[in-house]
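Below: the structure, in structure tokens.
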Amino acid sequence: MSKVDVVLGTFFGDEGKGKIIDYLATKSDVAVRCSGGNNAGHTINVNGKKYAFHLIPSGILNSNTKAVIGNGVVIDPKVLIEEINELKANGISVENLYISTKAHIILPYHIMMDKLLEANRGSNKIGTTARGIGPAYCDKYERCGIRVEDFISPEFSKLARINIANKNKVFESYGYETLNADSVIQEYEEYARILKPYVVDTVNLLHDYLDEGKKILCEGAQATLLDIDFGTYPFVTSSNPTIGGICTGSGLGAKDIGEVYGVLKAYASKVGEGPFLTEQDNEIGDTIRELGHEYGTTTKRPRRCGWLDLVALKYVVRINGITGLAINHVDTIGKLPKIKVCVGYEHNGEVTTHYSTNLDYINECSPIYEEFDGNFGDISNVKSRNDLPENAKVYLNRIEEFVGVPVKFIGTGAGREEMIIC
Ligand code: IMP
């Protein structure tokens, strides 16, 4: 067994990483979040109780698993404290929670700036989650960000005061309300006091765990086509939810990484703006949305739905070095009588299987589809791939054949147990 396994989203997020993470966490000693912030979200159902996770690795539900928020994450302290309180209220211990000294803090001005920037973009808006994620990463790279270690130190008020004064100038120039530095500092000093006991040097912590032979699971957030470098820029998030972000967001080395699981759905979905070549903005898309309950966990927005794009999936497999696929909602797609899968793009009369994130190019491409028979029937109790109906086997075999990576998990229903482990 490898020391570090990774779970990544493949397309535009919301692929159901939580379910795979939930299973793999039971086999891991440590669960780590490496990038993003509370723009991410997954819900885990345990004994009839739903837990919504935005920042804390969901591995914390296992009493023996250490949960680490790595340096690559941007933390809204208010949201994190709410999550901690929710867990505690349900009798889940948070003694095993560790927050990196080097993660960056989201402050109210980041959220205000996120909204202001979106409003200014008008019809070119990105469709952000308005959680302040982009502006917090901007400050990180501008080197005026406030890291957790600054946040819990007496320096915090000084740093916050400078930043608030600078941001207020921007808010003022747009005729927006400004922030009162004293009240923000007072409120956030209290949050810092609550979070301080969880703060550690997570880089050394993780490497000590490796030396002790502990098994680590990195819980990816968002997904590859939302990656700031490899996604459909500018319709992306502000971090690297790809394999590189796992290393830079945790301090773990590339050589320690073993399995890299790419999670996808048997169809495609997206929230926010941006190109989505296989989108079905029609009755088929509406049917998939209803069958798959495709409404955002974090924002409740209806998701755009369409067919699975294998050209994009191949790109995702290459970038991340994916070693195994986890395909959710095979039961959902199997409710349709006919299923399409994109196996090539036609561009100016030429056919390619190379994905591109060039927006003009993508907009000029038309998808080439292969059609499969659906009507898989009820597969929720199937526990072996061999026992799946023939139509489902044909569908899954074609995906594997196209991208050259084996399917390791097959989602057969919404429940925790409704999954075939190959
Ligand atoms: P931001 O991350 O809030 O800046 O939003 C940028 C883009 O990424 C928007 O299209 C969001 O809808 C999308 N996005 C961010 N996080 C997630 C996620 O966890 N799932 C799906 N889409 C996301």
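Residues within the reach of a label modelled at TYR295 (point 7 angstrom out along Cα to beta-carbon, backbone nitrogen below 19 Å), restricted to the range 1-30, are 14-16.
Hey, what's the per residue convex hull volume over the C-alpha atoms of the range 1-153, in cubic angstrom? Walk me through the intermediate numbers first.
Working: hull volume 20.9 nm³, N = 153.
Measuring per residue, one finds 136 Å³ for the Cα hull of the range 1-153.
For the range 1-148, DSSP calls about 40 percent of its internal beta bridges antiparallel. Note on GLU370 and ILE194: the model spin-label points, each 7 Å out from Cα along the C-beta direction, lie 5.2 nm apart. Between ALA119 and ASP211, the FRET efficiency from the beta-carbon distance, with R0 = 51 Å, is close to 0.55. Each principal axis of the Cα cloud of the range 104-194 was taken in turn, and the coordinate range along them, longest first, works out to 42, 22, 22 Å.
Apply the Kirkwood formula to the range 264-421: the hydrodynamic radius equals the inverse of the mean of 1/r over all pairs of different alpha-carbon atoms; give it in Å with one decimal.
Numbers: mean 1/r = 0.0618 Å⁻¹.
Mean inverse Cα-Cα distance, inverted, gives 16.2 Å.
What number in nm² do you get for the chain if you take the convex hull of its Cα atoms and divide its surface by four? Please list the in-between numbers first.
Working: hull surface 82.1 nm².
The Cα convex hull of the chain, projected and averaged over all directions, gives 20.5 nm².
The local environment of GLY175, defined by Cβ-Cβ distances under 14 Å, has a net charge of 0 under the rule Lys, Arg +1 and Asp, Glu -1.
Which percent, to the nearest 5, of DSSP beta bridges fully inside the range 264-421 are antiparallel?
If I count the DSSP bridges inside the range 264-421, around 75 percent turn out antiparallel.
The translational diffusion coefficient of the range 136-276, from Stokes-Einstein at 20 °C and 1.002 mPa s with a Kirkwood hydrodynamic radius over alpha carbon pairs, comes to 116 µm²/s.
Every number here is computed from the coordinates shown, using simple stated rules; none is lab data. All of these numbers come straight from a predicted model, not from anything done at the bench. Cβ sites come from the backbone with ideal geometry, for glycine too, and all protein chains shown count toward neighbours.
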